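Below you'll find the structure, written out as structure tokens, and then a few comments.
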Amino acid sequence: MESNDLQTLYQKAIIFAAIKHHAAGQTLPGTELPYLVHLSNVAMEILIAGSNTLDFDTNFAVQVALLHDTLEDTPTTAAELELAFGKKVANAVNALTKNDNLLKNEKMSDSLTRIKTQGKEVWAVKLADRITNLQKPPDQWDSEKKLKYKLEAESILAALHGANDYLESRLYSKISEYEQFI
Ligand code: NI
């Protein structure tokens, strides 16, 4: 019988993600570091948010956090995710995945619309994703690109209002801090 405690679920999901992103040759953008750094940062935000949020399914959210980029960035299929982690996790990761058939400027709003059909834990993963990505931008980004990234973060925060007080307030501060880079 497989145990279902948070630690076991975490280990199963991080190994799965590590194998998939490594096989796809994906690194942290602009570095040679493993992509797993991003995923574990998102999971860390979710674990801390979970301990500061009532009625929050941390077991579910942590799996979604660790797996959130497997469909978008690796050849993993939703069926494979469903088999390994169940339908709820697979559907959540699907909602967090941009639809490549859409125009570039429609992808984010389409994904946000689909995220909003999911549980608040999935909204929280989207906030955690952007919180961890609002670090010092790469040197080659011009002001326009940085400004666009900040505006996109603001639109995520606005669209997901009501998701999670703790993470919304963290994203709000990260957006303000990001202004120093523009
Ligand atoms: Ni991500």
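The values are calculated or read from the model by the stated rules, or taken from the named source; none is laboratory data. On a predicted model such as this, the values are computed, not experimentally measured, just so you know. Every residue, glycine as well, gets a Cβ built from its backbone with ideal geometry; the counts of neighbours run over all protein chains shown.
Output yes when any residue across the range 70-87 is in contact with an Asp or Glu (Cβ under 8 Å, 6 or more places away or on another chain) and within 27 Å of Gly162 (Cα to Cα), and no when none is.
Applying the first criterion (in contact with an Asp or Glu (Cβ under 8 Å, 6 or more places away or on another chain)) to the range 70-87 yields none.
There is no residue in the range 70-87 that is in contact with an Asp or Glu (Cβ under 8 Å, 6 or more places away or on another chain) and within 27 Å of Gly162 (Cα to Cα).
In the range 60-77, what count of residues is obtained for those that are surrounded by 21 or more Cβ atoms within 10 Å (Cβ to Cβ), polar (S, T, N, Q) and either closer than 12 Å to Ala95 by Cβ or away from the ligand (no atom under 11 Å from the Cβ) (or both)?
Here the count works out to 2.
For Gly86, indicate whether it is at positive phi and at pLDDT below 95.
No; evaluated as a whole, the condition is false for this residue.
Could you list all residues from the range 39-59 that are within 14 Å of the ligand (Cβ to nearest atom) and either more than 14 Å from Ile15 (Cα to Cα) or polar (S, T, N, Q) (or both)?
Listed by number, the residues that qualify are Ser40, Asn41, Val42, Met44, Glu45, Ile46.
Filter the range 79-98 down to the residues that are within 16 Å of the ligand (Cβ to nearest atom) and in a loop (DSSP other than H, G, I, E, B), then identify the one that is surrounded by the fewest Cβ atoms within 10 Å (Cβ to Cβ).
The residue in question is Lys98.
Regarding the range 28-42, can at least one residue be identified that is over 19 Å from Lys136 (Cβ atoms), modelled with pLDDT under 95 and of a type outside the set (D, E, K, R)?
There is no residue in the range 28-42 that is over 19 Å from Lys136 (Cβ atoms), modelled with pLDDT under 95 and of a type outside the set (D, E, K, R).
Results for (1) under 22 Å from Asn41 (Cα atoms); (2) within 14 Å of the ligand (Cβ to nearest atom); (3) touching a residue at least 60 places away in the same chain (Cβ under 8 Å), shown as yes or no for each residue.
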position	(1), (2), (3)
Leu134	yes, yes, no
Lys145	no, no, no
Tyr149	yes, yes, no
Ser176	yes, no, no
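From the list Lys107, Lys126, pick out the single residue that is within 16 Å of the ligand (Cβ to nearest atom), crowded, with 19+ Cβ neighbours inside 10 Å and of a type in the set (Lys, Arg).
It is Lys126.
Looking only at the range 133-182, count every residue that is buried (at least 16 other Cβ atoms within 10 Å of the Cβ), at pLDDT 95 or above and part of a loop (DSSP other than H, G, I, E, B) and tell me the total.
Residues that pass the stated criteria total 4.
With respect to Thr31, is the statement that it is in a loop (DSSP other than H, G, I, E, B) and either small (Gly, Ala, Ser) or within 16 Å of the ligand (Cβ to nearest atom) (or both) true?
yes
With among the β-branched types (Val, Ile, Thr), part of a helix (DSSP H, G or I) and more than 14 Å from the chain's Cα centre (by Cα) as the only criterion, which of Thr117, Thr76, Thr113 stands out?
Numbers: Thr117 fails: part of a helix (DSSP H, G or I); Thr76 fails: part of a helix (DSSP H, G or I).
Unique residue meeting the criteria: Thr113.
Whether any residue in the range 118-132 is at pLDDT 95 or above, closer than 19 Å to Asp5 by Cα and in contact with a Ser or Thr (Cβ under 9 Å, 6 or more places away or on another chain) is what I want to check.
Looking for residues that are at pLDDT 95 or above, closer than 19 Å to Asp5 by Cα and in contact with a Ser or Thr (Cβ under 9 Å, 6 or more places away or on another chain), one finds at least one in the range 118-132, hence yes.
So Asn4 clears everything in (1) within 16 Å of the ligand (Cβ to nearest atom); (2) not in a helix (DSSP H, G or I) except one condition, right? Which one?
That leaves (1) as the condition not met.
Mind checking which residues of the range 48-58 are over 18 Å from Ala95 (Cα atoms) and surrounded by fewer than 18 Cβ atoms within 10 Å (Cβ to Cβ)?
Answer for the range 48-58, where residues must be over 18 Å from Ala95 (Cα atoms) and surrounded by fewer than 18 Cβ atoms within 10 Å (Cβ to Cβ): Ile48, Ser51, Asn52, Leu54, Asp55.
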